[in-house]
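Just below is one structure, and these are the notes that go with it.
The values are calculated or read from the model by the stated rules, or taken from the named source; none is laboratory data. None of the values given here were measured: they were computed from a predicted structure. Cβ atoms come from the backbone with ideal geometry, glycine included; neighbour counts cover every protein chain shown.
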Amino acid sequence: MIEISNLSKAFTLHNQGAAVIPVMANANLHVRPGECVGLIGASGAGKSTLMRMVWGNYLAASGVIRVGGLDVAQAQPRQIIRLRRETLGYVSQFLRVVPRVPTIDVVAEPLRNLGVGEDQAQARAADLLARLNIPQRLWSLSPTTFSGGEQQRVNIARGFAHPYPALLLDEPTASLDAVNRSVVLALIEEAKARGAAILGIFHDEAARDQVCDRVVDVRAFTPKVAA
Amino acid sequence: MTAIDRNMHAETDQPLLAVQGLTKRYGGRIGCADVSFDLFPGEVLGIVGESGSGKSTLLSCLAGHLPPDQGRVIFDTAAGPRDTVTMAEAERRRMARTDWAFVHQNPRDGLRMGVSAGGNVGERLMAIGARHYGDIRAQAIDWLGRVEIAADRIDDRPRAFSGGMQQRLQIARNLVTGPRLVFMDEPTGGLDVSVQARLLDLLRGLVREMGLSAIIVTHDLAVVRLLADRLMVMKGGHVVEQGLTDQVLDDPQHAYTQLLVSSVLQV
Amino acid sequence: MTAQDYNFAYLDEQTKRMIRRAILKGIAVPGYQVPFASREMPMPYGWGTGGVQVTAACLTPDDTLKVIDQGADDTTNAVSIRKFFQRTAGVAVTEATLDATIIQTRHRIPEAALTEGQILVYQVPIPEPLRFLEPRETETRKMHELEEYGLMHVKLYEDIARHGTIATAYAYPVKVEGRYVMDPSPIPKFDNPKLSGSPAIQLFGAGREQRIYAVPPYTHVVSLDFEDHPFVASKAPHDCDLCGAAESYLDEVITDDQGGRMFVCSDTDFCRTRREAGHVGHLGVPVQGGV
């Protein structure tokens, strides 16, 4: 479902003397449907960079990132927009929403964008919010004022609203209490069971051990610095 | 148009608007130079750049307010793709009040300040032949509701409205004929932050529900991040970078874009 | 100063040719506002300088001229213009609508049906019907060119929104022969139906605004309206207190400071003719020499 081959990436900082910083070289990775692969490696090793490249958020310098048949590294913006709408979900660490939009609409939005009716989309959103223990009285409020943990759970609900065939999870259990952590892990297991291919970053080792079928150490993709 | 229609459109390969080599000069100075892009149904394109970068000139050329010196602006009309630069003025103006809409930064430029809110919304309907007062008024009330203006304000003039309400009225006035393409020039400029947020939410909802395509010129990167699918960065009349909005903002490739992105104050 | 010091009908022949060309163009394109080089006339703008120039260009020594102001032959404006042409053109004048070959009018169409061969000349203050909502001349010209007349209905919409009905009572916009929207000058809307299908030539002159336009004989003229608020040619709901006419346009005259008032025909010739024929209104007295 997700297939990465010979991927490399460098940042060119034009306003700092055009410094070129190579951050990834010759990355190879694949995730099959129903499989969860965890990325490991120290901070700054390139886990998030790799996730962002799969998401289409960072441009690849060279190589292939195939998600559901589309090469993200070469795709047109509108192809990536469609991929994100239909095929590829992403739970980031940060919630980015239009202020003042009610939480329930934030969670329902991915379904609304797919043409699901308002009632059905909201029902699904309510279901997830309830499961993630967001009190119902908060559903009509904007999540921008929520605590970090609550925002994180809203983000997860949003990411799981539509049954994407492929999912990117960036620290989905960070800043969650034990009860909600287990809810999230159950959601991940359910996604795997329906055949979703999942690529994730888990600093929570116990969580990683529980849901990941394999781990990939991104230090293997760190470019050798030319001395 | 429903979101389902929109998604069906998104799968067509026929752009709604195809811009090719668009150039406008002011004497020896460049307004915009050799701009080309395709806009597909349901897409929102953001155009950013500093003052004088040519983004407003480009928008004016696209919307037919300024004649470009070179280039083509091909719109997918009901009768097939047509170059709007060379079409007869009567036809272009008819399109401008049916298939197209233009939201000005200053509502005073886009509203008739001496005419009631209902008259402002009804004008486009009357321009395309609506001659039943009751129907026109019912549609005006419906649209005022959609932009969150109370029905009992229908006979008030825009002068009596706040800046945010004026801007929402301008949007209602433009969208009442169900256009397919909306041009917006700094639609949230001049509004305070909380009013901006409300307007952004409204625009996102309308874009989704009506399957609108939109071209938004702004210097506010937060606005394009929330509204635009794709982003075009302009400098000195040239497009220096374009791509997926979050990609351009998070992994900018061009020196100017990097400067622009790094210059934004973090809140 | 004697009349012989002036060219016939005051204006020189070249100027009259220029105005006639504008008139002919106006007749050829009914309702279209033809620009013309309006001259200074020996009267202030707003006193009918446009109408006077059109009349001067149409007059021949054989013509019989009638001049009315709000229907009356005997008000200052009407008297002075009539005298002006008596002196500068030496033409015959009349107060009888049916005897006149040229009738210059301010704000009325005579009640008596006009006939072929007659010319009705209107004095026009603001010829542009779209000016109310669109101040730019370049834009209004473009709107006429492209037949973009939605704005005219916005004006009527505003009327209904504010007053519950189309409150425009004079200068009520019309569409001429299905093409140009035209300001019929500030005639009461009661007169609008008389614009359509008239056997007479109708010419409109705006001196300050330098525009001439025309409605040729038997031209279809429609008053704009909404399906659910149709045009109504309204008048005061009274009969004339002098001649008893039920179907003529009335002026309201205050007779004392106790609230006393009477309604009389605004068309003085029409009223006099009726009274001479023996009609007597509520407050009227029989005319001597009547039947």
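Structural remarks
- Residue in the range A:157-179 that is modelled with the highest pLDDT, counting only those that are under 12 Å from the mean Cα position of the chain (by Cα) and part of a loop (DSSP other than H, G, I, E, B): A:Y164
- Residue count, the range A:39-62 (criterion: surrounded by 15 or more Cβ atoms within 10 Å (Cβ to Cβ) and in a strand (DSSP E or B)): 2
- Conditions (1) away from chain B (no Cβ under 14 Å); (2) on the phi < 0 side of the Ramachandran plot; (3) out of contact with any Pro (no Cβ under 7 Å at 6 or more places or on another chain): number failed by A:W139: (3)
Yes/no matrix, rows are residues, columns are (1) more than 20 Å from C:G48 (Cα to Cα); (2) in contact (Cβ under 8 Å) with a residue 60 or more places away in the chain; (3) out of contact with any Phe, Trp or Tyr (no Cβ under 8 Å at 6 or more places or on another chain):
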| residue | (1), (2), (3) |
| --- | --- |
| C:E158 | yes, no, yes |
| C:G164 | yes, no, yes |
| C:Y180 | yes, yes, no |
| C:K189 | yes, no, no |
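- Check on B:W143, without any contact (Cβ under 8 Å) to a residue 40 or more places away in the chain, under 26 Å from B:P41 (Cβ atoms) and among the aromatic types (F, W, Y): yes
- Of note, A:N113 does not satisfy the criterion of being crowded, with 18+ Cβ neighbours inside 10 Å, in contact with a strand residue (DSSP E or B) (Cβ under 6 Å, 6 or more places away or on another chain) and not assigned by TED's automatic domain parsing to the domain that holds A:D209.
- Members of the range B:141-173 found to be in a helix (DSSP H, G or I), within 18 Å of B:Q196 (Cβ to Cβ) and not β-branched (V, I, T), listed by number: B:G163, B:G164, B:M165, B:Q166, B:Q167, B:R168, B:L169, B:Q170, B:A172
- Residue within the range B:133-144 that is more than 14 Å from chain C (Cβ to nearest Cβ) and either in contact with a Gly (Cβ under 8 Å, 6 or more places away or on another chain) or of a type in the set (G, A, S) (or both) present: no
- Criterion violated by A:I65 - all others in (1) within 9 Å of chain B (Cβ to nearest Cβ); (2) in contact with a strand residue (DSSP E or B) (Cβ under 8 Å, 6 or more places away or on another chain) satisfied: (1)
- Residues of the range B:237-251 that are under 17 Å from B:L45 (Cβ atoms) and free of Cβ contacts under 8 Å to residues at least 40 places away in the same chain: B:V240, B:E241, B:G243, B:L244, B:D246, B:Q247, B:V248, B:L249.
- Residues of the range A:1-38 that are more than 30 Å from A:A193 (Cβ to Cβ) and not in a strand (DSSP E or B): A:H14, A:N15, A:Q16, A:G17, A:A18.
- Selection status of C:A167, part of a loop (DSSP other than H, G, I, E, B), surrounded by fewer than 23 Cβ atoms within 10 Å (Cβ to Cβ) and touching a Ser or Thr at 6+ places or on another chain (Cβ under 9 Å): no
- The set of residues in the range A:92-125 being touching a Phe, Trp or Tyr at 6+ places or on another chain (Cβ under 8 Å) and either among the acidic types (D, E) or within 12 Å of another protein chain (Cβ to nearest Cβ) (or both) consists of A:P102 alone.
- A:A130 vs. criteria among the hydrophobic types (A, V, I, L, M, F, W, C) and either away from chain B (no Cβ under 13 Å) or in contact with a Lys or Arg (Cβ under 6 Å, 6 or more places away or on another chain) (or both): yes
- From the list C:H229, C:H238, C:H220, the one residue that fits, being in contact with a Phe, Trp or Tyr (Cβ under 6 Å, 6 or more places away or on another chain) and either of a type in the set (G, A, S) or away from chain B (no Cβ under 14 Å) (or both), is C:H238.
- Of the residues screened, A:G89 is one that is in contact (Cβ under 8 Å) with a residue 12 or more places away in the chain, away from chain B (no Cβ under 14 Å), over 26 Å from B:L199 (Cα atoms) and of a type outside the set (D, E, K, R).
- Filter result for C:L242 (aliphatic (A, V, I, L, M), more than 30 Å from C:P135 (Cα to Cα) and crowded, with 16+ Cβ neighbours inside 10 Å): yes
- Tally, over the range B:126-158, of residues that are basic (K, R), at pLDDT 95 or above and more than 18 Å from C:G150 (Cβ to Cβ): 2
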